[in-house]
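Trainee: Input: one structure, supplied below.
Coordinate-derived values only; no laboratory data. Source: prediction; values computed, not measured. Here the Cβ is made from the backbone with ideal geometry for all residues, glycine too, and neighbour counts use every protein chain on show.
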Amino acid sequence: MGEKRLNERVLSPEEFVSGYQYITEYLKAGLPLCDVLKRALKYFEDQFVDSYCTIMLLNSKGTEFVNGAAYSLPDDMLEKFMHIRLFDGLGTCGTAAVRGELMVSPNVHNDRTWRSFANVVKPYGLKSCWSVPVFKPGTSDIVAIFAVYSKYSRYPTQRELDTLSAYNELLGLIVSNYKIDDSGEIEQLDLNEDDNLNSKTLYVESIKTGLKNGEIYPYYQPVLKSDGQELHGVEALARWEHPEKGLVPPIDFVDHAEEYDFIDWLDEVICRRACEDMKKLMDDTGKTFTLSVNISAVHIRKQNFAQRIEDILDETGFPADCLAIEITETSLIDNLTEVAVTFQQLKNLGVKIAIDDFGTTYSSLNYLKYLPVDTIKLDKTFIHDVDKSPIDRRICKTIIQLGSDLELDVVAEGVECDQHLSIIQDFGCNIYQGYYFSKPLTLEGWKNYLEQF
Ligand code: C2E
Ligand code: CA
Ligand code: CA
């Protein structure tokens, strides 16, 4: 999964679609990659004052320049660039690019490490070069290096930097339509395959637009205790009210947000909105209850996670001791001691921590050992057949017992009928969630539901 690169300005959906259409027209016509890139570079050059843009294609291992394209820069000059080794001269930028950083060399003539590069550009009156790595969308593979050569001896302006990083996404998309082998042979991939990739990229863009437009917001599912007579809390579950498709469940967008590295954005949108809504509801009704939000494990590893939660609590005025964070483990947390610090910061705020889908991953037990957990959520797959399957019964009983030994709350998810409820009650579990009590509700529906308590 790719980390967020540079200070990414994400292309607006309109820019993305128009740039994308502009380029795909050429892709579809089956033109050679360098011609398609030339067309794209023309588009980019207009954004930079007195500058030329090139793109240097890397071999399949990402270790050497094997091809390239430039728009108004003379071909022979491009040819010379191709002979500068990636890790030498221009390679300084290559090295930085491999680390995923923007490389800026303000004045190539004064920089000794850039001497071989300077020799190439001097005759053309070029004085500075900035370059950025181009990634294949959705991966951390560097497929090319995009460079801007300026006649000025200066750093790029903020607007130019923004443009550079935004167009990176488009360049990555173009290049990933082709296969470039080690010798520099370029072959266009099967267009059907491309269509899949492209439609996925467009779908991801539409999710981001949905987030920006407020189309993705929480539904609320009640969590009960004591036979369902008492309220324990509520879980915020993301829904996307798509303008054409209607209500889209999280399974159709949460994974994409993880894969394309904007799950933190999604989680925070849901968390903030739920805190706002529930704060108002608590104030209006005088009732208090626990609000649970789902946070992907990928997100927790990011820097300042605890700080971001604290900011949301400050901004919304939601009481920290009423918030519970449910960790969903879709990708392994490999360094538990590192995240333990984040968890402790959350605990210090008063926030509770729950392990979601407990028992479905092999590291579940490790979480209990290393992290300050308050609650485990017994996964609904165990509850589903608890009345029919002796093994599932045994698993439920053991996990409930484990929770009780460790003095943790155990919430049973997916309680759908009387039998489910009475079996897990016999095992000593007294917090439940499931269709038996209520499906996830709109804010209005949840307000009405709350009135009975
Ligand atoms: P989860 O956190 O385990 O949430 C419980 C899921 O079970 C919800 O599905 C809920 O609607 C469903 N459910 C509740 N009671 C029953 C029942 O009695 N029977 C059955 N069959 N299902 C029941 P939903 O809303 O589709 O969410 C699916 C998953 O998407 C969630 O599973 C959670 O992992 C993820 N998710 C939802 N919202 C967010 C979010 O804001 N951020 C992140 N990172 N993940 C989210
Ligand atoms: Ca959950
Ligand atoms: Ca679950």
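Trainee: Per-residue HN-Hα couplings for region 61-72, Karplus 6.51 cos²θ - 1.76 cosθ + 1.60 at θ = phi - 60°, whole Hz, x for Gly and Pro?
Mentor: 8, x, 10, 9, 6, 10, 6, x, 8, 9, 8, 8
Trainee: If each residue of separation counts as 0.36 nm, what is the full-extension length gain between N366 and D255 once their alpha-carbon separation is subtracted?
Mentor: Value of the extension gain: 37.6 nm.
Trainee: Residue-wise, which Karplus ³J(HN,Hα) couplings in Hz belong to region 378-394, taking 6.51 cos²θ - 1.76 cosθ + 1.60, θ = phi - 60°, and x for glycine or proline?
Mentor: 5, 5, 5, 5, 7, 6, 3, 10, 4, 7, 10, 9, x, 5, 4, 4, 5
Trainee: Can you list the residues, at least 5 places off or on another chain, whose amide H is less than 5 Å from the amide H of L58, using H built in the peptide plane?
Mentor: Here the answer is V66, A144, I145, since their amide H atoms fall under 5 Å of that of L58.
Trainee: Over region 281-324, what lengths in whole Å, largest first, do the semi-axes of the equivalent ellipsoid take, defined as the square roots of 5 times the eigenvalues of the alpha-carbon gyration tensor?
Mentor: Computed over region 281-324, the values are 24, 12, 6 Å.
Trainee: While we're looking at this one, here's another question. Suppose R0 equals 60 Å. What FRET efficiency, 1/(1 + (r/R0)^6) with r the Cβ-Cβ distance, do E215 and D426 give to the nearest 0.05?
Mentor: Calculated transfer efficiency: 0.90.
Trainee: Can you tell me the FRET efficiency between T381 and D35 if r is taken as the Cβ-Cβ distance and R0 is 60 Å, rounded to the nearest 0.05?
Mentor: That pair, T381 with D35, gives E of 0.70.
Trainee: Figure the gain on full extension for Q401 and K200 (residue separation times 0.36 nm, minus the Cα-Cα span) and round it to one decimal in nm.
Mentor: Roughly 67.9 nm would be gained on extension.
Trainee: Which is farthest toward the positive dipole end of region 214-450 among V339, I424, G359, measuring Cα position about the Cα centre, with Cβ charges +1 (Lys, Arg) and -1 (Asp, Glu)?
Mentor: It is I424, whose Cα lies furthest towards the positive end.
Trainee: Relative contact order of region 214-450, please, whole-number percent, based on alpha carbon pairs below 8 angstrom and at least 6 residues apart.
Mentor: Here the relative contact order equals 19 percent.
Trainee: Along its principal axes, what span do the Cα atoms of region 214-450 show, with the longest given first and each in whole Å?
Mentor: Projected onto its principal axes, the Cα set of region 214-450 covers 45, 43, 37 Å.
Trainee: In addition: Could I have the simple spin-label model distance between K302 and D321, label points 7 Å from Cα toward Cβ, reported in nm to one decimal?
Mentor: Rounded to a tenth, the inter-label distance reads 3.0 nm.
Trainee: A further question follows. Hey, can you grab everything whose amide H is under 5 Å from the amide H of D261? Only 5+ residues off in sequence or another chain; H modelled, so Pro and N-termini drop out.
Mentor: Counting only residues 5 or more places away or on other chains, the set is empty.
Trainee: Tell me, what is the FRET efficiency for F437 and D162 to the nearest 0.05, using R0 = 51 angstrom and their Cβ-Cβ distance as r?
Mentor: The pair F437/D162 has a calculated efficiency of 0.55.
Trainee: Where both partners of a DSSP beta bridge lie in region 214-450, what percent of those bridges are antiparallel, to the nearest 5?
Mentor: Bridges in region 214-450 are about 40 percent antiparallel.
Trainee: Based on Cβ point charges of +1 for Lys and Arg and -1 for Asp and Glu, what charge dipole magnitude is obtained for region 214-450 about its Cα centre, in debye rounded to the nearest 20?
Mentor: I would put it at about 440 debye.
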